[in-house]
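To start, the structure under review is shown below, and the notes come after it.
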Amino acid sequence: MANNGRRSVKAKKGPTIGTGGHGRKALEGKGPTPKAEDRPYHKAHKSKQLAERSAAKRGTGARSAGASRTGPKGRATEEVVTGRNSVVEALRAGIPAKALHIAIRIEMDDRVKESLKIAAERGIPLLETGKPELDRMTDDAIHQGLVLQIPPYEYQDAYDLAEETVDRWKKGHVSNAPLFVALDGITDPRNLGAIIRSVSAFSGHGVIVPERRSVGVTASAWKTSAGAAVRVPVARAANLNSALKQFKNMGIFVLGLDGDGDVSLPDLTLAAEPVCIVVGSEGKGLSRLVRENCDQIVSIPINSAMESLNASMAVGISLYEISRQRAVK
């Protein structure tokens with residue numbers, strides 16, 4: 001049949017009048033593409049979640065080379081030393097190590113070679129580890145392909161350590177009277193390391209640290225102690241004031257170090273007795289309750305132009321004087 005010069009038009013499928021704005025929305029798109037770590041089905045998203053959970057458990061963020069990590073109440077968890085200089089220095093100092101992680105295809109230099117040599121001599125496991133895993137272990141700190149895992153320090157109980165030491169002294173198994181140093185508000189691990197070193201040098205029997213708001217035995221403390229942390233036990237006290245009261249009940253005299261003291265260090269008459277020296281932070285000094293629990297407050301004579309001594313220095317001077325007086329008597 002003739003179509004009189006007109007073309008036939010095929011009927012369109014679906015609605016033909018209006019789109020309800022659907023076409024305009026389609027043209028608008030879905031916005032910028034999310035980052036890989038924000039896409040639920042991308043492997044980077046899972047890595048991000050694991051890192052966040054790990055950081056939340058440790059209570060830490062990104063850290064610099066050579067840093068350590070601690071958990072709740074200052075208790076050590078899985079601590080690491082990162083960076084070639086820090087790792088080789090830690091190994092030289094004899095810090096206990098769980099494993100030495102080395103990046104796959106690491107570029108060797110003298111520090112890496114020495115680290116491998118020391119680790120092999122000490123029987124420390126050597127683990128070849130990929131960069132992503134090293135990044136995760138160190139919270140993206142600069143590790144330079146070398147990470148040393150440090151096992152958590154095993155603290156003794158403050159009461160048990162004091163009781164055992166007093167008992168051994170009374171039985172004649174320990175020649176020197178019990179001598180302890182307790183830390184009140186010290187948070188710098190280098191101070192702790194230096195104090196441990198002084199306690200070892202002057203025949204002390206232990207260092208007491210409170211569980212809360214206090215430094216713990218980290219890699220930095222180990223390194224500063226120059227190996228003395230192997231010989232001097234560090235004990236934890238759930239509550240420092242309660243521990244000091246228990247010490248006094250055992251016959252241990254508690255001496256607080258403070259610039260405004262009841263007695264000057266050279267005039268101390270209790271040096272030959274069982275003693276626990278308590279030192280506060282350089283800024284705040286002894287806390288009020290700790291001060292009240294001390295048998296005496298001892299001051300170190302210094303030049304009036306000098307406001308105070310560093311905590312570890314004050315402890316070292318006090319231990320020397322006690323040791324000197326004990327030697328005379």
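Below, the figures for the structure above:
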item	result
Selected residue (criterion: most open to solvent (accessible area, probe 1.4 Å)) from residues of segment 99-148 that are touching a Lys or Arg at 6+ places or on another chain (Cβ under 9 Å) and of a type in the set (S, T, N, Q)	144
Residue within segment 126-145 that is under 27 Å from the mean Cα position of the chain (by Cα) and within 30 Å of residue 204 (Cα to Cα) present	no
Residue under evaluation residue 47, criteria (1) outside any helix (DSSP H, G or I); (2) at negative phi; (3) at pLDDT below 85, criterion not met	(1)
Residues within segment 123-144 that are without any contact (Cβ under 8 Å) to a residue 24 or more places away in the chain and of a type in the set (Gly, Ala, Ser), tallied	1
Segment 269-288, residues that are closer than 29 Å to residue 328 by Cα and buried (at least 18 other Cβ atoms within 10 Å of the Cβ)	271, 274, 275, 276, 277, 278, 279, 280
Qualifying positions in segment 144-172 - assigned to a strand (DSSP E or B) and out of contact with any Gly (no Cβ under 8 Å at 6 or more places or on another chain)	147, 148, 149, 150, 157
Every pair of residues 6+ apart whose Cβ atoms lie under 9 Å, when the first sits in segment 97-112 and is more than 11 Å from residue 81 (Cα to Cα) while the second is open to solvent by 80 Å² or more (accessible area, probe 1.4 Å) and assigned to a helix (DSSP H, G or I)	103/131; 104/131; 111/85
Meets criteria (at pLDDT 95 or above, under 23 Å from residue 166 (Cβ atoms) and basic (Lys, Arg)) for residue 329	no
Pairs with Cβ under 6 Å, 6+ apart, first in segment 201-227 and closer than 15 Å to residue 190 by Cβ, second open to solvent by 10 Å² or more (accessible area, probe 1.4 Å) and hydrophobic (A, V, I, L, M, F, W, C)	216/76; 223/93; 224/194
Some residue of segment 176-193 being assigned to a helix (DSSP H, G or I), among the aliphatic types (A, V, I, L, M) and surrounded by fewer than 21 Cβ atoms within 10 Å (Cβ to Cβ)	no
Selection within segment 252-267 - open to solvent by less than 40 Å² (accessible area, probe 1.4 Å) and in a loop (DSSP other than H, G, I, E, B)	252, 261
Some residue of segment 253-271 being within 23 Å of residue 192 (Cα to Cα) and among the hydroxyl-bearing types (Ser, Thr, Tyr)	no
Residue identified as of a type in the set (Val, Ile, Thr) and under 20 Å from the mean Cα position of the chain (by Cα) among 252, 195	195
Segment 277-288, residues that are assigned to a strand (DSSP E or B) and in contact (Cβ under 8 Å) with a residue 40 or more places away in the chain	277, 278, 279, 280, 281
Selection status of residue 216, within 20 Å of residue 241 (Cα to Cα) and either open to solvent by 30 Å² or more (accessible area, probe 1.4 Å) or not basic (Lys, Arg) (or both)	yes
Residue list for segment 225-251, filter: part of a helix (DSSP H, G or I) and open to solvent by less than 40 Å² (accessible area, probe 1.4 Å)	228, 229, 240, 241, 243, 244, 247
Yes/no for residue 270 being part of a loop (DSSP other than H, G, I, E, B), in contact (Cβ under 8 Å) with a residue 24 or more places away in the chain and touching a Leu at 6+ places or on another chain (Cβ under 9 Å)	yes
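To keep it simple, each residue is scored yes or no on (1) crowded, with 16+ Cβ neighbours inside 10 Å; (2) aliphatic (A, V, I, L, M); (3) part of a helix (DSSP H, G or I).
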{"residue": "290", "(1), (2), (3)": "yes, yes, yes"}
{"residue": "294", "(1), (2), (3)": "yes, no, no"}
{"residue": "297", "(1), (2), (3)": "yes, yes, no"}
{"residue": "303", "(1), (2), (3)": "no, no, no"}
{"residue": "309", "(1), (2), (3)": "yes, yes, no"}
{"residue": "314", "(1), (2), (3)": "yes, yes, yes"}
{"residue": "318", "(1), (2), (3)": "yes, no, yes"}
{"residue": "322", "(1), (2), (3)": "yes, yes, yes"}
{"residue": "327", "(1), (2), (3)": "no, yes, yes"}
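The values are calculated or read from the model by the stated rules, or taken from the named source; none is laboratory data. In this text, all values refer to a predicted model and were calculated from it rather than measured experimentally. We place every Cβ from the backbone using ideal geometry, glycine too, and count neighbours over all the protein chains shown. Protein only, heavy atoms only, side chains kept; ligands, DNA and RNA dropped before computing areas. Shrake-Rupley method; radii C 1.70, N 1.55, O 1.52, S 1.80 Å.
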